[in-house]
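Every number here is computed from the coordinates shown, using simple stated rules; none is lab data. From a predicted model like this one, the values you see are computed outputs, not experimental measurements. Note: ideal-geometry Cβ built from the backbone for every residue, glycine included; neighbour counts use all protein chains shown.
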């Protein structure tokens, strides 16, 4: 029997549902509205979050049914993790896919789900709902999250 954590011994494809879900650190960065330049494909991150995202808890208000309310919500799968370019560098799914370890503040490492928020590594309290802004004004909410992607 080994004490090696599952994220170091399994690929994303090998994880069961509970393991997969537990990888999410709750940062909320994947729920931020991103704008894509039609000409260059460059992404711009905003201070806006999905209408289902609760900015005070960093959780989806209807996770089980999110795709009914937000049809373009991207459900992360191993294939999606390998193909999208907008996952933050600290995303556990991305880190595991790249063969890297989880950061010390990740709840699976430190045992504290609050630590990510205490260290300011989540978007908790730093975004507003996309429902509060007209679509044509979204560009005004573009932000350089700490000099890079969120």
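Structural remarks
- Cα-Cα separations in the range 77-150 greater than 13 Å, expressed as whole percent: 74 percent
- Most simply put, the chain has about 80% antiparallel DSSP beta bridges, counting only bridges with both residues inside it.
- Over the chain, DSSP H runs of length four or greater, each weighted -39,500 (n - 2.57), average out per residue to a 222 nm ellipticity of -4500 deg cm²/dmol.
- Over the range 18-87, the alpha carbon radius of gyration divided by the compact-protein estimate 2.2 N^0.38 Å works out to 1.16.
- Evaluated at q = 0.16, 0.30, 0.31 Å⁻¹, the base-10 log of the normalised Debye intensity for the range 1-51, with identical point scatterers placed on the Cα atoms, takes the values -0.69, -1.10, -1.14.
- For 129, 122, 56, order by how many other beta-carbon atoms lie within 10 Å, fewest first: 56, 129, 122
- Enclosed volume per residue, in Å³, of the convex hull spanned by Cα atoms of the range 57-97: 95 Å³
- Calculated Rg and Dmax of the chain using C-alpha coordinates, Å: 15.9, 57
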